[in-house]
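One structure is given here, and the rest of the page talks about it.
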Amino acid sequence: MNTGNLQLTSEGLRVLLETGFVLREASRFEDAEAVFIGCAELMTDSEVPLVGLATVYLQKGDFQRAVDTCREALGKEDSSAYARLHLGEALLFNNQLAEARKELERVAAADSNSTYAETALRILRVAGIGE
């Protein structure tokens, strides 16, 4: 990938993304946000940095911003269970229960054997919004 004078390999981008997740887990939200925004600029075809950014917003309690960012991620890759799972979670925390249920059920139905489906079903059960 060529970004002007900066060249990053796929491995370098992966490490940069992981750094964002580490910073988020260390509650260094502003730093994590900056890393994910930078990754989104470098990885314009990938939804992953945007989902990482949405998880920062979730942890900061900015639920509407998390919803909006997950929707932006799904605009890049509509079939992303990763983005849709976090959209369902963000909607749940934003008290949009019907939409949250719809998105989480969609994740669970897409591939019932995936860890995303298992997580979606667990969230539905714990939140008391599943059937």
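Overview of values
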| read-out | value |
| --- | --- |
| Residue check, Gly75 more than 12 Å from the chain's Cα centre (by Cα) and assigned to a loop (DSSP other than H, G, I, E, B) | no |
| Qualifying positions in the stretch 1-29 - aliphatic (A, V, I, L, M) and modelled with pLDDT of 85 or more | Leu13, Val15, Leu16, Leu17, Val22, Leu23, Ala26 |
| Residues within the stretch 26-40 that are without any contact (Cβ under 8 Å) to a residue 24 or more places away in the chain and closer than 16 Å to Arg14 by Cβ, tallied | 4 |
| Failed condition for Gly52, given (1) assigned to a helix (DSSP H, G or I); (2) over 22 Å from Leu8 (Cβ atoms) | (2) |
| Residue in the stretch 72-79 that is of a type in the set (A, V, I, L, M), buried (at least 16 other Cβ atoms within 10 Å of the Cβ), closer than 26 Å to Gly12 by Cα and touching a Ser or Thr at 6+ places or on another chain (Cβ under 6 Å) present | no |
| When residues of the stretch 27-71 are limited to those that are within 30 Å of Ser112 (Cβ to Cβ) and of a type in the set (D, E, K, R), the one surrounded by the fewest Cβ atoms within 10 Å (Cβ to Cβ) | Asp45 |
| In the stretch 4-26, residue surrounded by the most Cβ atoms within 10 Å (Cβ to Cβ) [restricted to those that are part of a helix (DSSP H, G or I) and among the polar types (S, T, N, Q)] | Thr19 |
| Meets criteria (basic (Lys, Arg) and surrounded by fewer than 19 Cβ atoms within 10 Å (Cβ to Cβ)) for Arg84 | no |
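The values are calculated or read from the model by the stated rules, or taken from the named source; none is laboratory data. Keep in mind that what you see is a predicted model, and the values were worked out from it rather than measured. Note that we place each Cβ from the backbone using ideal geometry, even for glycine, and neighbour counts take in every protein chain shown.
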